[in-house]
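Student: Sharing a structure here in structure tokens format.
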Amino acid sequence: YFKKLNLHIFIFSPELYLESIKSTSMVKILTFLKKNSWNTQIINLSYDLGKIQLDFSPKIRNTLNKEFIDKEIAISKSEDIGKLKIFLKLLKKEQNKKKYKGLENKYILSLFNQKALHIYYAEKENNILGGVLIAELNDTATYLAGYFDKSFKIENLSYKILFRAISESKKRNLKYFDMGGLDFNYNYNVAKFKQDFGGFPLQLIGKSVSLF
């Protein structure tokens with residue numbers, strides 16, 4: 001189709017620089033098509049914790065005011081490779097069950113080796129019931145992945161674990177907590193879960209196609 005129109009196609013990504021273009025005097029943009037934009041929520045950790053919680057949904061705030069029904073459940077934080085490997089196995093099993101592809105293990109292990117990865121998890125009798133992987137780069141903590149045992153759904157593990165990650169990130173003097181992307185088209189439930197933690201929306205333009 002583009003050959004028939006005798007048009008050039010230029011793919012633009014915000015991660016790329018355009019120093020190679022010497023002159024734009026002969027360029028005339030005819031149309032612009034935006035593709036694969038990236039949406040996320042950013043929590044400003046410079047606010048006090050009380051103000052941050054005010055932006056949470058009522059359900060999350062109510063959950064945080066309650067203790068676990070099962071008193072043997074405890075939330076912990078770890079940078080231990082053993083815990084990480086156990087968590088990755090649970091995460092992989094969940095991904096296979098739901099037939100979706102998550103982050104590659106080599107990327108997660110690379111962050112771990114750079115001491116830029118933390119695991120927040122709920123445990124009972126040395127068994128991980130749920131948890132989240134949080135990356136720390138520069139001034140921002142980012143939600144990477146989560147796993148939660150559905151048989152403990154009544155405990156609302158996801159809300160309590162993620163809140164622990166947010167509050168710990170604030171204590172570590174990070175400025176922002178990035179929810180790691182919201183995709184309402186293909187993963188509505190997870191996107192809604194993340195959105196319910198509030199913060200301000202951010203959209204990156206993603207890849208775009210310009211015809212000229």
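The values are calculated or read from the model by the stated rules, or taken from the named source; none is laboratory data. Keep in mind that what you see is a predicted model, and the values were worked out from it rather than measured. Quick reminder, even Gly has a Cβ in these numbers, built from the backbone with ideal geometry, and neighbours come from all protein chains shown. Accessible surface areas use protein heavy atoms only, side chains included; no ligands, DNA or RNA. Shrake-Rupley method; radii C 1.70, N 1.55, O 1.52, S 1.80 Å.
Student: Positive end of the charge dipole of segment 69-127 (Lys, Arg +1 and Asp, Glu -1 on Cβ, about the Cα centre): tell me which of PHE112, TYR100, ALA74 has its Cα farthest that way.
Tutor: TYR100
Student: A follow-up question, please. Report the local net charge at ILE86: Lys and Arg +1, Asp and Glu -1, summed over other residues whose C-beta lies under 12 Å from its C-beta.
Tutor: Net charge in that neighbourhood comes out at +3.
Student: Count charges around LEU133 for me, please; just the other residues with Cβ under 12 Å from its Cβ, Lys/Arg as +1, Asp/Glu as -1.
Tutor: 0
Student: Any idea of LYS175's accessible area? Nearest 10 Å², probe 1.4 Å.
Tutor: Accessible area, nearest 10 Å²: 110 Å².
Student: Compute the signed sum of charges (Lys and Arg +1, Asp and Glu -1) over the other residues within less than 15 Å, Cβ to Cβ, of TYR100.
Tutor: Around TYR100, the surrounding residues sum to +3.
Student: If you take the Cα atoms of segment 129-212, find Rg, then find the Kirkwood Rh from the mean of 1/r over all pairs, what is Rg/Rh?
Tutor: Result for segment 129-212 is an Rg/Rh of 1.05.
Student: Heavy atoms of the protein only, probe of 1.4 Å, neighbouring chains included. What is the accessible area of LEU162 in Å², nearest 10?
Tutor: Roughly 0 Å² of LEU162 is accessible to a 1.4 Å probe.
Student: Then there's this: On the full set of protein chains, 1.4 Å probe, figure out the accessible area of GLU125 and give it in Å² to the nearest 10.
Tutor: GLU125 has an accessible surface of roughly 130 Å² with all protein chains in place.
Student: Could you give me the ³J(HN,Hα) list for segment 96-113, computed from phi with Karplus coefficients 6.51, -1.76, 1.60 and θ = phi - 60°, whole Hz, x at Gly and Pro?
Tutor: 5, 5, 8, 6, 9, 9, x, 5, 6, 4, 5, 5, 5, 5, 5, 5, 4, 5
Student: Mind checking the dipole of segment 39-131: about its Cα centre, +1 per Lys or Arg Cβ, -1 per Asp or Glu Cβ, Debye to the nearest 20?
Tutor: Dipole magnitude for segment 39-131 comes out near 500 debye.
Student: Each residue of segment 182-187 in order: what ³J(HN,Hα) in whole Hz does its phi give by Karplus 6.51 cos²θ - 1.76 cosθ + 1.60, θ = phi - 60°, with x for Gly and Pro?
Tutor: Listing the rounded values in order: 10, 10, 6, 6, 10, 8 Hz.
Student: Now a separate question. Show the residues, 5+ positions off or on another chain, whose built amide H is closer than 5 Å to the amide H of ALA145.
Tutor: Residues meeting the criterion, in which the H sits 1.01 Å from N, are LEU133.
Student: Same structure again: So, in nm, how far is label LYS97 from label LYS51 when the simple model puts each one 7 Å beyond its Cα toward the Cβ?
Tutor: Between LYS97 and LYS51, the simple spin-label model gives 4.0 nm.
Student: Sticking with this one: Tell me, rounded to the nearest percent, the portion of alpha carbon pairs in segment 44-173 spaced more than 18 Å apart.
Tutor: Every Cα pair in segment 44-173 considered, those over 18 Å come to 55 percent.
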